[in-house]
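Notes follow once the structure below has been shown.
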Amino acid sequence: MDARQMKIEAARAALTYVGSGTRLGIGTGSTAEEFVRLLAEKVAAGLAIEGVATSERTARLCVELGVPMKSLDELPELDLTIDGADEVDGALRLIKGGGGALLREKIVAASSARMIVIADESKVVETLGAFALPIEVNPFGLVSTRILIEKAASRLGLSGALNLRRSGDRNFMTDGGHFIIDASFGRIPDAEALSIELHSIPGVVEHGLFINMATLAIIAGPAGAHTLQANNT
């Protein structure tokens, strides 16, 4: 089973949690896109759901495949969000934002009664941080914000490159009009403390640490998909 097949298996297992009438948050990224394709097949076969996308990219794919969509303002309270992750640890803490949609992903997840993460087994880690942490920042005062992030990290004993994400010959811009700094800390022993520090910086719009948000992870490996619950690696 290759990496794409594992993503498909995780997505297929997540679909069993989606029933008719579900108000569904739909994630962003390669695994979430496999979920959208499978969801569209179920919708075509009669599954009645209303979806809220976490990015313009996901919204376009849903519309193209015939998945019924609403805005979050039209559907402000959701039953379930299904989304991927760049890393997940044993407490179901996540790093997200590799696809550049972390702010909308977090808003949609917070509006949901449950969040299920779908991923292949390579995303499961003992300690978060090997994947560079995306930090969404306001373009205004970018240099100042970057310095403050560096100082906050240093107070927690963290160091590493803080790279402004690029897209071709320009800075990557999120759907909300912000930039992303990818922080290569390598290891984040205290994700909660780092979250508090980053949220204290005015120029930081949001960060990719998702803490106490996921209720279940569906992890796919060569032998198939299994569920992961907090502190049950």
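The values are calculated or read from the model by the stated rules, or taken from the named source; none is laboratory data. Here the structure is a predicted model, which is why all the values come from computation and not from measurement. Quick reminder, even Gly has a Cβ in these numbers, built from the backbone with ideal geometry, and neighbours come from all protein chains shown.
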Note to self: I'd like to know if the stretch 180-199 contains one or more residues that are crowded, with 19+ Cβ neighbours inside 10 Å, touching a residue at least 24 places away in the same chain (Cβ under 8 Å), touching a His at 6+ places or on another chain (Cβ under 6 Å) and of a type in the set (Val, Ile, Thr).
What the structure shows: no
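Within the group Gly177, Gly168, Gly129, Gly141, which residue is in contact (Cβ under 8 Å) with a residue 12 or more places away in the chain, at positive phi and over 19 Å from the mean Cα position of the chain (by Cα)? Write out each step before concluding.
On the way: Gly177 fails: over 19 Å from the mean Cα position of the chain (by Cα); Gly168 fails: in contact (Cβ under 8 Å) with a residue 12 or more places away in the chain; Gly129 fails: over 19 Å from the mean Cα position of the chain (by Cα).
Result: Gly141 is the single residue among Gly177, Gly168, Gly129, Gly141 that is in contact (Cβ under 8 Å) with a residue 12 or more places away in the chain, at positive phi and over 19 Å from the mean Cα position of the chain (by Cα).
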Checklist line | Matching residues in the stretch 107-148 - criterion: being outside any loop (DSSP other than H, G, I, E, B), β-branched (Val, Ile, Thr) and farther than 21 Å from Thr81 by Cβ | finding: Ile135, Val137, Val143, Thr145, Ile147
Margin query: Yes or no: the stretch 139-158 includes at least one residue that is at pLDDT 95 or above and within 16 Å of Thr31 (Cβ to Cβ).
Written below: no
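Given the criterion modelled with pLDDT of 95 or more, crowded, with 19+ Cβ neighbours inside 10 Å, touching a Cys at 6+ places or on another chain (Cβ under 9 Å) and under 21 Å from Val117 (Cβ atoms), identify the matching residue among Ala53, Ala10. Before the answer, list the steps.
Values: Ala10 fails: touching a Cys at 6+ places or on another chain (Cβ under 9 Å).
Matching residue, one of Ala53, Ala10: Ala53.
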Notebook entry, point to check: Quick check: anything in the stretch 31-53 under 25 Å from Phe172 (Cα atoms), within 11 Å of the chain's Cα centre (by Cα) and in contact (Cβ under 8 Å) with a residue 60 or more places away in the chain?
Noted result: yes
